[in-house]
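One structure is given here, and the rest of the page talks about it.
The values are calculated or read from the model by the stated rules, or taken from the named source; none is laboratory data. All of these numbers come straight from a predicted model, not from anything done at the bench. Virtual Cβ from ideal backbone geometry, glycine too; neighbours counted across all protein chains shown. What goes into the accessible areas is simple: the full protein's heavy atoms, side chains included, and nothing from ligands, DNA or RNA. Shrake-Rupley method; radii C 1.70, N 1.55, O 1.52, S 1.80 Å.
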Amino acid sequence: QVQLVESGGGLVQPGGSLRLSCAASGIIFRLYVMAWYRQAPGKQRELVASITSGSSTNYADSVKGRFTISRANAKNTVYLQMNSLQPEDTAVYYCRAGWGQKSYWGQGTQVTVSS
């Protein structure tokens, strides 16, 4: 049974930081491309950042220079360090694992940026 469990979301003031974690089980983690997506109210889900099995990274333009994705294969965990958070970063953040035609999603964690 595959499980992706996100944690680390919460309420933060503008300019603040959060670190999201996604712990995976039931997959050969090191083989998978891991990614973070987000979905704001009334908007489509969008890719925030991804990291390949070889640790190559890709970021949405809106988060470049502020967010950093990383992975710890020994812990089956992917992280998203989010700095300089802005109200427009408010969304539910989802973790995704992909390998070939296999794709799994976590349940999401809420991030709210507000003063």
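Does GLU88 satisfy the criteria of being among the charged types (D, E, K, R), within 30 Å of SER115 (Cβ to Cβ) and in contact with a helix residue (DSSP H, G or I) (Cβ under 8 Å, 6 or more places away or on another chain)?
Values: among the charged types (D, E, K, R): yes; within 30 Å of SER115 (Cβ to Cβ): yes; in contact with a helix residue (DSSP H, G or I) (Cβ under 8 Å, 6 or more places away or on another chain): yes.
Yes: the conditions hold for GLU88.
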Subject >> Elements of type strands (runs of 3 or more DSSP E) in region 1-89, at least 2 residues being modelled with pLDDT under 95 and open to solvent by 30 Å² or more (accessible area, probe 1.4 Å) >> reply: none
Subject >> Residues of region 35-55 that turn out to be of a type in the set (A, V, I, L, M, F, W, C) and in contact (Cβ under 8 Å) with a residue 60 or more places away in the chain, as a count >> reply: 2
**OP:** Residue by residue through region 90-115, note down the ones that are open to solvent by 70 Å² or more (accessible area, probe 1.4 Å) and not in a strand (DSSP E or B).
**Re:** GLY100, GLN101, GLN107, SER115
